[in-house]
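Enquirer: Here it is: the structure, laid out below.
Each value in this text was obtained by applying a stated rule to the coordinates, not by laboratory testing. Everything numeric in this text was worked out from a predicted model, so none of it was measured. Cβ placement follows ideal geometry from the backbone for every residue including glycine, while neighbour counts extend to all protein chains displayed.
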Amino acid sequence: MVDWPRLVHVFTGHTRDVNAIAISPDGSLVVSASDDHTIRFWSTATGAPIGEPLQGHTNAVTAVAFSPDGMCIASGSQDNTVRLWSAKTSVAIGEALSGHEHYVRSVAFSPDGTRVVSGSYDKTIRLWGVSTCSQIGAPLLGHEGFVETVVFSPGGKFIISGSRDNTIRIWDATTGAVIREPLRGHSESVLHSRMVRGSLQARMTTRFNYGIHGHL
């Protein structure tokens, strides 16, 4: 008989669908993003909410991520903006980061925590400076469908994106240049990606591993 993990907590408080969750680097906090326009913090030890909901987005919150040091979170929303928040005080950091012309579907921090990358239904990818709360360079163009997922490589040299055009693209995180031809193989939208031991893992309904080894 399979010994399934037991249910420890049920986090309740959002009034509409929960679209994304992330866990803090030290494992003590969960942050959640919801169609109710809010972001909430939760204790993994007790399952209780921590503080008041983070409010500022004017539409559904569709993406959320912790910074590597756990001090900051980034959120993306159907209001077309990215926002930064203090994980310690729950206060917004700067103004909303505007530039996308459609829903923001994915956000991720660089390994050093100085940049945030966002992927959007406007088919672009954008980079943002955490300390300046401003866009870095021009949008990354190339995908022919909604950008569903973005991640940094472990070394921070590359950005990997997945799209509803069924492809994965690799970009130079400094210059914004495309590194190689799109990775093809999925027959439908690429909805999720992550780096696993130096290889890119992308998910539709099945998984493919793309060997992208080296100093990423």
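Enquirer: Tally Lys and Arg at +1 and Asp and Glu at -1 over the other residues with C-beta under 10 Å from the C-beta of TYR103: what net charge comes out?
Expert: Working: positive: ARG105; negative: ASP79, GLU101, ASP122.
Result for the local shell: -2.
Enquirer: Remind me, what semi-axes does region 34-155 give for its equivalent ellipsoid, largest first in whole Å, using sqrt of 5 times each Cα gyration tensor eigenvalue? Display every interim value, and only then the final one.
Expert: Working: eigenvalues 107, 52, 34 Å².
Three semi-axes, in Å: 23, 16, 13.
Enquirer: I'm a student and want to see the number: the projected area of the Cα convex hull of region 1-99, averaged over all directions, in nm². Write down the numbers at each step before the final one.
Expert: Numbers: hull surface 28.8 nm².
So the mean shadow area of the Cα hull is 7.2 nm².
Enquirer: Taking K and R as +1 and D and E as -1, what net charge do the other residues with C-beta under 14 Å from the C-beta of ARG16 add up to? List each step's numbers first, then the result.
Expert: Details: positive: ARG40; negative: ASP17, ASP35, ASP36.
Computed value for this residue: -2.
Enquirer: In the calculated pair distance distribution of region 58-116, what percentage of Cα-Cα distances lie above 14 Å? Working shown, then result.
Expert: Working: 867 of 1711 pairs.
Cα-Cα pairs in region 58-116 separated by more than 14 Å: 51 percent.
Enquirer: If you find the alpha carbon centre of region 1-54 and of region 113-172, how far apart are they in angstrom?
Expert: After rounding, the separation between the Cα centres reads 26 Å.
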